[in-house]
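Down below is the structure, laid out as structure tokens.
The values are calculated or read from the model by the stated rules, or taken from the named source; none is laboratory data. Given the structure is predicted, the values throughout are model-derived calculations rather than measurements. Positions of Cβ are generated from backbone atoms using ideal geometry, with glycine treated the same way; all protein chains shown enter the neighbour counts. The area values use the complete protein model at the heavy-atom level, side chains included, leaving out ligands, DNA and RNA. Shrake-Rupley method; radii C 1.70, N 1.55, O 1.52, S 1.80 Å.
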Amino acid sequence: MRKALRWLLALAVLIGTASTAGAATAASPEAISGTRSSTSTASSDIKDQLLAIPGMSLIQEKPYTGYRYFVLNYTQPIDHRHPSKGTFQQRITVLHKDVSRPTVFFTSGYFVNTNPGRSEPTRIVDGNQVSLEYRFFTPSRPDPANWSKLDIWQAASDQHRVFTALKKIYAKKWLSTGGSKGGMTATYYERFYPRDMDGVVAYVAPNDVVNKEDSAYDRFFANVGTKECRDRLNAVQREALVRREPLEQRYTEVAAAEGFTFTTIGSLDRAYEAVVLDYVWGFWQYSLLADCESIPADAKNATDDDIWTSIDTISGFVNYTDQGLEPYTPYYYQAGTQLGAPTIKFPHIEKKYIRYGYQPPRNFVPRDISMKFQPRAMRDVDNWVQHRAQHMLFVYGQNDPWGAEPFRLGKGAKDSYVFTAPGLNHGANVAGLVPEQKALATARILEWAGVASTAVLSNPSAAKPLATYDARLDKRNIEREPTLRP
């Protein structure tokens with residue numbers, strides 16, 4: 001349980017209605033500060049240039065060979081439509097290489113990691129990286145929090161203001177990127193501010209266009225991996241519900257020892273079932289087919305400890321406690337107001353064992369926060385991507401359940417691509433694509449960033465990352481966080 005809690009609290013490293021929001025204008029940096037920022041000179045220190053931006057303040061500078069790395073606060077309006085009605089401090093980080101290099105704008109869609117790290121596009125283009133914490137994830141949360149100001153347009157407008165401020169320093173080309181909810185975030189930013197970025201690389205980004213229609217997920221789970229692996233997982237999941245009474249007793253004991261409570265979801269019983277029903281999804285989200293060997297092969301004859309350990313390792317019994325839910329309230333709020341959330345069936349489990357089914361996001365958000373779903377938001381984004389996408393790359397993992405409802409491109413899309421990495425999960429990336437797609441994707445990223453060589457322009461198969469691999473900066477670390485969350 002303590003391991004699961006550390007997973008939960010680890011910073012993510014990898015997410016008005018849309019139809020009217022696109023016409024609104026976000027507040028400019030000068031509108032918030034009341035001053036105009038001057039153009040930076042190439043001779044001044046990069047820290048001085050950053051701190052000369054109105055509203056920018058330094059939290060910490062961390063040394064790293066070959067870079068300057070800054071953790072900063074930036075003053076943002078709570079409401080970009082009405083910037084005079086209050087501000088909050090939003091954390092950003094800057095991994096500075098050189099103003100002559102392109103810049104990658106990264107968001108996880110959640111917290112910002114305050115340790116130096118490079119996204120895959122940053123390594124490919126050997127560039128600078130600006131990372132932004134998503135609004136309402138602490139500490140980047142207004143106080144008091146007006147939750148109606150947490151929507152995809154407001155978040156995109158946060159990015160637009162940061163870009164507008166930093167473009168004066170980093171004048172070369174910009175790409176936006178992110179994985180999972182970060183990939184969704186990069187896509188929404190492009191939809192609302194299509195003139196900001198020169199290219200978008202969105203990894204494993206779900207696209208729940210019609211929230212009530214989720215049959216694609218059922219088809220996914222009926223065919224993913226091998227029958228042997230599916231049968232093992234299904235059997236353990238069913239057995240955890242068959243043995244509900246003794247395993248819930250253990251859960252009660254753990255909750256008492258750890259101080260876990262269940263006010264938001266309503267009861268330990270609801271939390272227990274939610275964790276168990278996440279089990280199969282969680283395996284395919286974070287694991288590979290080869291990992292199926294770690295799943296109990298004979299669930300009916302497995303010990304209670306075997307069943308408990310397998311469920312806890314993959315789903316995490318902490319996740320639906322108040323302590324597990326609270327850090328991710330902003331995500332669940334968005335899932336229940338704009339993003340949508342999946343619902344799947346469990347044909348391998350008799351109805352008598354399932355009391356609640358997949359619970360809606362409303363059950364994971366405190367009741368004093370009001371929520372109303374806006375069905376047009378995702379439809380608008382999906383329509384825009386299909387018909388207006390330009391210089392956009394979507395990368396999915398073949399065995400990732402979140403890819404069951406992907407972004408798709410229509411006839412109006414230009415120089416845009418959707419690729420799937422065979423056998424990979426929610427950590428799919430360009431490096432995991434088949435060779436031809438890997439080369440093409442790398443070449444397009446280099447060209448969009450303005451750093452493709454003549455050789456690459458004439459022969460995409462020659463495309464390779466420009467920066468040497470750095471074990472610390474480029475380590476791929478998929479944090480195990482709440483499973484039913486991209």
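As an exercise: evaluate G178 against (1) in contact with a helix residue (DSSP H, G or I) (Cβ under 8 Å, 6 or more places away or on another chain); (2) open to solvent by 40 Å² or more (accessible area, probe 1.4 Å); (3) within 29 Å of M392 (Cβ to Cβ) and give the number of the one condition it does not meet.
(2)
Among the residues of the range 338-348, are any under 26 Å from the mean Cα position of the chain (by Cα) and in a helix (DSSP H, G or I)?
yes
Name the pairs whose Cβ atoms lie under 9 Å apart, with the first residue in the range 218-243 and assigned to a helix (DSSP H, G or I) and among the small types (G, A, S), the second at pLDDT 95 or above and open to solvent by 50 Å² or more (accessible area, probe 1.4 Å), and 6 or more positions between them or separate chains?
As it stands, the answer is A222/P347; A235/A297; A235/D298; A235/K300; A235/H348, since those pairs meet every condition given.
On the basis of being open to solvent by 50 Å² or more (accessible area, probe 1.4 Å) and more than 19 Å from the chain's Cα centre (by Cα), does T303 make the cut? Working first, answer last.
Working: open to solvent by 50 Å² or more (accessible area, probe 1.4 Å): yes; more than 19 Å from the chain's Cα centre (by Cα): yes.
For T303, the condition - open to solvent by 50 Å² or more (accessible area, probe 1.4 Å) and more than 19 Å from the chain's Cα centre (by Cα) - is met.
Kindly indicate whether T321 is surrounded by fewer than 18 Cβ atoms within 10 Å (Cβ to Cβ) and either more than 20 Å from the chain's Cα centre (by Cα) or within 20 Å of A216 (Cβ to Cβ) (or both). Spell out how you get there, then give the answer.
Details: surrounded by fewer than 18 Cβ atoms within 10 Å (Cβ to Cβ): no; either more than 20 Å from the chain's Cα centre (by Cα) or within 20 Å of A216 (Cβ to Cβ) (or both): yes.
Against the criterion (surrounded by fewer than 18 Cβ atoms within 10 Å (Cβ to Cβ) and either more than 20 Å from the chain's Cα centre (by Cα) or within 20 Å of A216 (Cβ to Cβ) (or both)), T321 does not qualify.
Go through the range 58-95 residue by residue and tally those that are touching a helix residue (DSSP H, G or I) at 6+ places or on another chain (Cβ under 7 Å) and open to solvent by 20 Å² or more (accessible area, probe 1.4 Å).
Selection size over the range 58-95: 7.
Since M392 meets every condition but one in (1) farther than 21 Å from K181 by Cβ; (2) touching a strand residue (DSSP E or B) at 6+ places or on another chain (Cβ under 7 Å); (3) not small (G, A, S), which condition does it not meet?
Every condition holds for M392 apart from (1).
Quick test of your reading of the structure: N211 fulfils all but one of (1) at negative phi; (2) part of a loop (DSSP other than H, G, I, E, B); (3) surrounded by fewer than 16 Cβ atoms within 10 Å (Cβ to Cβ). Name the failing condition by number.
N211 satisfies all of (1) at negative phi; (2) part of a loop (DSSP other than H, G, I, E, B); (3) surrounded by fewer than 16 Cβ atoms within 10 Å (Cβ to Cβ) except (3).
Here's the yes/no breakdown for (1) surrounded by fewer than 20 Cβ atoms within 10 Å (Cβ to Cβ); (2) aliphatic (A, V, I, L, M); (3) part of a helix (DSSP H, G or I):
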residue: F136; (1), (2), (3): no, no, no
residue: P144; (1), (2), (3): yes, no, no
residue: W153; (1), (2), (3): no, no, yes
residue: A156; (1), (2), (3): no, yes, yes
residue: A165; (1), (2), (3): no, yes, yes
residue: Y170; (1), (2), (3): no, no, no
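For the range 228-242, which positions are farther than 13 Å from I354 by Cβ, within 28 Å of the chain's Cα centre (by Cα) and open to solvent by less than 10 Å² (accessible area, probe 1.4 Å)?
Within the range 228-242, C229, L233 qualify.
Need the failing condition index for S267 against (1) more than 15 Å from G357 (Cα to Cα); (2) open to solvent by 30 Å² or more (accessible area, probe 1.4 Å), just the number.
(1)
Do you know which residues across the range 392-408 are open to solvent by less than 60 Å² (accessible area, probe 1.4 Å) and in a loop (DSSP other than H, G, I, E, B)? Before you say what the answer is, go through the steps one by one.
Narrowing the range 392-408 to residues open to solvent by less than 60 Å² (accessible area, probe 1.4 Å): 392-397, 399-407.
Scanning the range 392-408 gives N399, D400, E405, P406, F407.
The conditions are (1) open to solvent by 10 Å² or more (accessible area, probe 1.4 Å); (2) under 22 Å from D218 (Cβ atoms); (3) among the acidic types (D, E), and E273 fails exactly one of them. Which is it?
Of the numbered conditions (1) open to solvent by 10 Å² or more (accessible area, probe 1.4 Å); (2) under 22 Å from D218 (Cβ atoms); (3) among the acidic types (D, E), the odd one out for E273 is (1).
Give me the pairs: first residue in the range 434-454 and assigned to a loop (DSSP other than H, G, I, E, B), second residue open to solvent by 10 Å² or more (accessible area, probe 1.4 Å), beta-carbon distance under 6 Å, and six or more apart or on different chains, which are they?
A449/K173; G450/K173
Looking at (1) within 30 Å of L339 (Cβ to Cβ); (2) small (G, A, S); (3) open to solvent by less than 40 Å² (accessible area, probe 1.4 Å), which one does A431 not meet, given that it meets all the others?
Among (1) within 30 Å of L339 (Cβ to Cβ); (2) small (G, A, S); (3) open to solvent by less than 40 Å² (accessible area, probe 1.4 Å), the lone unmet condition for A431 is (3).
So, of the residues in the range 277-300 that are acidic (D, E) and assigned to a helix (DSSP H, G or I), which turns out to be most open to solvent (accessible area, probe 1.4 Å)? Explain how you work it out, then say what you get.
Going residue by residue through the range 277-300, those that are acidic (D, E) are 278, 291, 293, 298.
Of the ones still in play, those that are also assigned to a helix (DSSP H, G or I) are 291, 293.
On the way: D291: 65, E293: 139 Å².
The qualifying residue most open to solvent (accessible area, probe 1.4 Å) is E293.
Please identify the pairs in which a residue from the range 247-267 that is over 20 Å from Q237 (Cβ atoms) and at pLDDT 95 or above has its Cβ atom under 7 Å from the Cβ atom of a residue that is open to solvent by 40 Å² or more (accessible area, probe 1.4 Å) and part of a helix (DSSP H, G or I), counting only partners at least 6 apart or on another chain.
Note: pairs meeting the criteria are F260/Q323.
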